[in-house]
Amino acid sequence: MKRLENKVSIITGAASGIGKETALLFAKEGAKVTVSDINEEAGKNVVEEIKKLGGEAIFVKANTAKALDCENLVRETVKAFGGLHISVNNAGVGSDFSKVADVKLEDWQRVIDINLSGVFYGMKYQIPEMIKSKGGSVINIASILGQAAFQGSSAYVASKHGVVGLTKTGALDYATDNVRVNAIGPGFIYTGLVNEETMGKEGIEALETKHPMNRLGEAKEIAAMVLFLASDEASFVTGAYYPVDGGYLAV
């Protein structure tokens, strides 16, 4: 039997990177997948990939910074698949490098709205449906910067620290409702935003040296941890923060 057989899942930011790899992996493991993103074309392409694999998926466009979008995302998922068991709150954005006093107010608000409030909105509407489905698993994608600081990235660091705290509180709130809430802290992951084309060879090499394994991570390596936390194999795991970072936080 597949590890997520007959489970219904929502994945935000699923049009690319970690979200896309997670969506494809979930489908291979038997889950019904709601692919959500602000990029409609790319999101629908992921749905088509899932269907070619023989899986079930729909696309729902949503901006996680908007509570009504998050509510509608859950509503459309339940309408299509009859319930909800797993959510992966993955959508997020980076921030410009600025010292705290130089951060533009609109940049601060954008990062907090998407990275932190977006996770809260997701949990607010996802968890009641999981309780109706007799339990579920919430996986919030934080960052290594949910545990450590990074010079010039105050908005991002604050948002990801907030995600870790929100995760732990949610885990305690719903521990007796059979709803598990955990967070993952990826290191720097080689994606469409972090690569030699966008950052230059020297930039990538500089990031690599911050990881004891001397390389960046791959999206599929994060997806593997998401799958574990979503599955019944993690039935006694809640309120945890799992770094997947090539040793970054061990230094």
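The values are calculated or read from the model by the stated rules, or taken from the named source; none is laboratory data. As the structure is a computational prediction, the values presented were derived from the model and not from experiment. Quick reminder, even Gly has a Cβ in these numbers, built from the backbone with ideal geometry, and neighbours come from all protein chains shown.
Here are some notes:
- For Gly239, the stated conditions hold: it is closer than 30 Å to Thr176 by Cα, over 13 Å from the mean Cα position of the chain (by Cα) and at pLDDT 95 or above.
- Taken together, the residues in segment 76-115 that are within 18 Å of Ile11 (Cβ to Cβ) and surrounded by 14 or more Cβ atoms within 10 Å (Cβ to Cβ) amount to 18.
- Segment 138-234 holds helices (runs of 4 or more DSSP H) entirely within its bounds, and those carrying 2 or more residues that are under 30 Å from Pro128 (Cβ atoms) and touching a residue at least 12 places away in the same chain (Cβ under 8 Å) map to 154-173, 219-230.
- Filter pass, Ile127 being assigned to a helix (DSSP H, G or I) and within 19 Å of Lys168 (Cβ to Cβ): yes
- Qualifying residue in segment 210-226 (condition: crowded, with 18+ Cβ neighbours inside 10 Å and in contact with a Lys or Arg (Cβ under 8 Å, 6 or more places away or on another chain)): yes
- Only residues that are of a type in the set (Lys, Arg) and either at pLDDT below 95 or surrounded by fewer than 24 Cβ atoms within 10 Å (Cβ to Cβ) (or both) were counted in segment 137-192, giving 1.
- Residue count, segment 227-251 (criterion: surrounded by 14 or more Cβ atoms within 10 Å (Cβ to Cβ), in contact with a Pro (Cβ under 7 Å, 6 or more places away or on another chain) and of a type outside the set (A, V, I, L, M)): 2
- Of the listed requirements (1) among the aliphatic types (A, V, I, L, M); (2) within 23 Å of Ala65 (Cα to Cα); (3) touching a helix residue (DSSP H, G or I) at 6+ places or on another chain (Cβ under 6 Å), Val179 misses just one: (2).
- For segment 1-21, the set of residues classified as in contact with a helix residue (DSSP H, G or I) (Cβ under 7 Å, 6 or more places away or on another chain), closer than 17 Å to Ile38 by Cβ and either touching a residue at least 60 places away in the same chain (Cβ under 8 Å) or among the charged types (D, E, K, R) (or both) consists of Ile10, Ile11, Thr12, Gly13, Ala14, Ser16, Gly17, Ile18, Lys20, listed by residue number.
- Residue count, segment 95-145 (criterion: farther than 30 Å from Gly82 by Cα and of a type in the set (A, V, I, L, M)): 8
- Only one of the numbered conditions (1) under 27 Å from Glu221 (Cβ atoms); (2) at pLDDT 95 or above; (3) not in a helix (DSSP H, G or I) is not met by Lys134, and that is (1).
- Selected residue (criterion: surrounded by the fewest Cβ atoms within 10 Å (Cβ to Cβ)) from residues of segment 116-128 that are farther than 21 Å from Leu227 by Cα and of a type in the set (Gly, Ala, Ser): Ser117
- Cross-chain or 6+ apart pairs with Cβ under 9 Å, segment 107-124 first and over 15 Å from Leu68 (Cβ atoms) and in a helix (DSSP H, G or I), then charged (D, E, K, R) and modelled with pLDDT under 95: Asp107/Asp96
- Within this structure, Asn72 passes the test of being within 18 Å of Gly43 (Cβ to Cβ), without any contact (Cβ under 8 Å) to a residue 24 or more places away in the chain and surrounded by 14 or more Cβ atoms within 10 Å (Cβ to Cβ).
- Number of positions in segment 197-209 that are farther than 17 Å from Tyr248 by Cα and either loosely packed, with under 11 Cβ neighbours inside 10 Å or charged (D, E, K, R) (or both): 3
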